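The values are calculated or read from the model by the stated rules, or taken from the named source; none is laboratory data. Please read these numbers as outputs of a predicted model, since none were measured by experiment. Reconstructed Cβ throughout: ideal geometry from the backbone, glycine too, with neighbour counts over all protein chains shown. Areas reflect the complete protein model, heavy atoms only, side chains present, ligands, DNA and RNA absent. Shrake-Rupley method; radii C 1.70, N 1.55, O 1.52, S 1.80 Å.
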Amino acid sequence: MIVLVSLICWGLALLCHGLLQPKIRRLLYIGSGRPVVPRVARLVLPLVALGMCARLEMPLSILVWVGTFSVGGLLAGGVLAVEVFRRGRPGRF
Amino acid sequence: MRDILRNRMGWLHAWVGFVGGLVLVVAFTGGTLALFDTEITRWMEPELAALPEAAMTGEALDHAGAQVWALREKGQNVFLNLPSARDPVLRILHYDGHAFVGPVLDPRDGTALNSRETRGGQLFFDLHQSLYRGPVWGNLVTEAAGIGLIVAVISGVIIHFRNLVPNLLLFRPFAAPGRAWLDAHLVAGVLLLPFIIMMAYTGAVIHAPRLFPMIGAGHAARPAGRPDAGMRVVGPYAPLAPMLAQAEDIFGRGRIGFVMFGTGTVSFYRADAADFAMTRDHADFSAGDGRLVGVERIGRGMPRLGGAMRGLHFIRWGTPALRWLYFVCSVVGSMMMAAGLGLFLMKHRRVHGGTFRLALAETLALAVTLGLPLASLGYLWGSRLLPPELVHRADRETGVFFLVWLVALLHAGMRCLGGAVRPAWREQACAIAVLGCGLPILDVVSRAETAFRLRADVYLAVDACALGFGLLALWGQRVIVRAR
């Protein structure tokens, strides 16, 4: 359960990070604003994940936290890629 | 100045990455499968599927001990592996030069279970650490490639440094092929950076004594049939069960992994899964009267640090969830390296297209990228198709693996030298799809009496992974067709 929660937190945090990047925003037709919620979420959610992982024994907690960063990032990257495709802009790379 | 550095690092990354990558894809793929070596071994022993879950009894341990002593009196260098959560049977093992193999015993009474002879998942462990070429040349090549990985990672970070954070998730699979492969390589490489650095570093540290033999202790495992000097001892021997109880009092219940038999002594070693630091703590008993004669624990300092490095790398102490995390990261890491090989070839096709050198590079890249997974699936198919009672069965099974890999290499060579690079990739992807998607069917057919008891066990996990990789290959070959 802790692994799953950490994975979700990292996935959402990195998704927010991705949504704040100018290149990805252009691909998704998102304006050039700097929304507060994603900026806060990308800072807070990794700490929530760390807090959850800290309930595990050391060094398992660190490995799970770092491992879920990698897998969460891959999932977030996949979601963004699908979203770009869904918005019908595959030819505008 | 910065661009000159990036250009030079680009050259270094490309060449070290390609030459080292040919070895590293093999080592990484082997390591990925070796994460579940015990589970793969169990999948390859379908006779054990019908065995009910049962705790080891004292009678079984004593019976197994008597068999080990009998074998040692014949001069065989064997030891006893105790049941664990991952492998709930007793095993009398010896090192055959590549893997620990031997008869499987029932944990209830210590009688032999007629399981087929196999190297199981340990083939992948051997492939990972020494490319199946033994502790000298094989290790040397993988260690050199491991250092190459560290060089490639550092140079890659320097090249990509400015875009490391902004482009962390920038993946455009529907862009032009070169762009899409570069994105995949970068996204996977950056997201897996902590994992890859950790594995490369711990792997290099673990094998440092072999890189610097003046401080190394050599290869610990000895093949069976080459007994230690003065190893032959004669009974009677004390029963093992009371010794195990004492050893568990020292190291904790269920924390003993295996039992070694020496000259007049029996040593109970702590399991690798017992602690994060993988040490060889053990309690020694007199073989004649079962008296405790000593306890050896690895203290703090360098030996324990070395154990921690091994623990991080081998992850035998990890929970199933952590092992799956490692597995996913390793699979993606292998794909990232394979994507790097593909990028190198795409870049050089423009200048060197049609030359023998490029065709050779294409052949080798294809043989390690798709040929190795194909051979691994062929190995699993061979395990179920070869007759269980075949003489030298483990060698034949391994032979199937290398034969399939050789056929994949020859196929890649013929097609790439003939200029049909894209069809070559597509055909091997199709072969993976057929073997991967067909493996669950083979499992059900060849394990008919237990196959329909659907539960989350090693059979379901291996079948699901094979099916997943088969479907991925099927999708991959469709992408190759569409990209014409």
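Please verify whether B:Glu59 is acidic (Asp, Glu), open to solvent by 50 Å² or more (accessible area, probe 1.4 Å) and under 28 Å from the mean Cα position of the chain (by Cα), treating the condition exactly as stated. So B:Glu59 does not fit the description; no. Taken over the stretch B:315-334, the residue count meeting the criterion of being surrounded by 19 or more Cβ atoms within 10 Å (Cβ to Cβ), in a helix (DSSP H, G or I) and more than 10 Å from chain A (Cβ to nearest Cβ) is 3. Would the stretch A:9-23 turn up any residue that is more than 13 Å from every other protein chain (Cβ to nearest Cβ) and modelled with pLDDT of 90 or more? So far as the stretch A:9-23 goes, yes, one or more of its residues are more than 13 Å from every other protein chain (Cβ to nearest Cβ) and modelled with pLDDT of 90 or more.
Among residues of the stretch B:431-448 that are closer than 22 Å to B:Leu366 by Cα and open to solvent by 30 Å² or more (accessible area, probe 1.4 Å), those with a beta-carbon under 7 Å from a residue that is of a type in the set (A, V, I, L, M, F, W, C) and in a helix (DSSP H, G or I) at least six positions away or on a different chain give the pairs B:Ala431/B:Leu374; B:Leu435/B:Leu374; B:Leu435/B:Leu377; B:Leu435/B:Trp381; B:Cys437/B:Leu467; B:Cys437/B:Leu471.
Among residues of the stretch B:417-428 that are free of Cβ contacts under 8 Å to residues at least 12 places away in the same chain, those with a Cβ under 9 angstrom from a residue that is surrounded by 15 or more Cβ atoms within 10 Å (Cβ to Cβ) and of a type in the set (Lys, Arg), sequence gap 6+ or separate chain, pair up as B:Pro423/B:Arg415.
Restricted to helices (runs of 4 or more DSSP H) entirely inside the stretch B:133-216, those with at least 3 residues that are free of Cβ contacts under 8 Å to residues at least 40 places away in the same chain, within 14 Å of chain A (Cβ to nearest Cβ) and within 19 Å of A:Leu14 (Cβ to Cβ) are B:177-191. With respect to the conditions (1) out of contact with any Phe, Trp or Tyr (no Cβ under 6 Å at 6 or more places or on another chain); (2) at pLDDT below 95; (3) buried (at least 18 other Cβ atoms within 10 Å of the Cβ), B:Trp69 falls short on a single one, namely (1).
When every residue of the stretch B:24-43 is checked against the conditions, at least one turns out to be open to solvent by 50 Å² or more (accessible area, probe 1.4 Å) and among the charged types (D, E, K, R). Examine the stretch B:95-106 for a residue that is closer than 25 Å to B:Gly288 by Cα, touching a Lys or Arg at 6+ places or on another chain (Cβ under 9 Å), among the hydrophobic types (A, V, I, L, M, F, W, C) and at pLDDT 90 or above, and state whether such a residue exists. So far as the stretch B:95-106 goes, yes, one or more of its residues are closer than 25 Å to B:Gly288 by Cα, touching a Lys or Arg at 6+ places or on another chain (Cβ under 9 Å), among the hydrophobic types (A, V, I, L, M, F, W, C) and at pLDDT 90 or above. Evaluated against (1) touching a Gly at 6+ places or on another chain (Cβ under 9 Å); (2) surrounded by fewer than 20 Cβ atoms within 10 Å (Cβ to Cβ), B:Arg108 falls short on exactly one condition, (1).
When each of A:Ala54, A:Ala49 is tested for being away from chain B (no Cβ under 11 Å), open to solvent by less than 20 Å² (accessible area, probe 1.4 Å) and not basic (Lys, Arg), the lone residue that passes is A:Ala49.
For every residue, the table says whether it meets (1) modelled with pLDDT of 90 or more; (2) in contact with a Gly (Cβ under 7 Å, 6 or more places away or on another chain); (3) open to solvent by less than 30 Å² (accessible area, probe 1.4 Å).
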{"site": "B:Gly230", "(1), (2), (3)": "no, no, no"}
{"site": "B:Asp249", "(1), (2), (3)": "yes, no, no"}
{"site": "B:Val259", "(1), (2), (3)": "yes, no, yes"}
{"site": "B:Tyr269", "(1), (2), (3)": "yes, yes, no"}
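Of everything in the stretch B:44-56, what is open to solvent by 20 Å² or more (accessible area, probe 1.4 Å), touching a residue at least 40 places away in the same chain (Cβ under 8 Å) and not charged (D, E, K, R)? Give them in sequence order. Hits for the stretch B:44-56 are B:Leu48, B:Ala50, B:Leu51, B:Ala54, B:Ala55, B:Met56.
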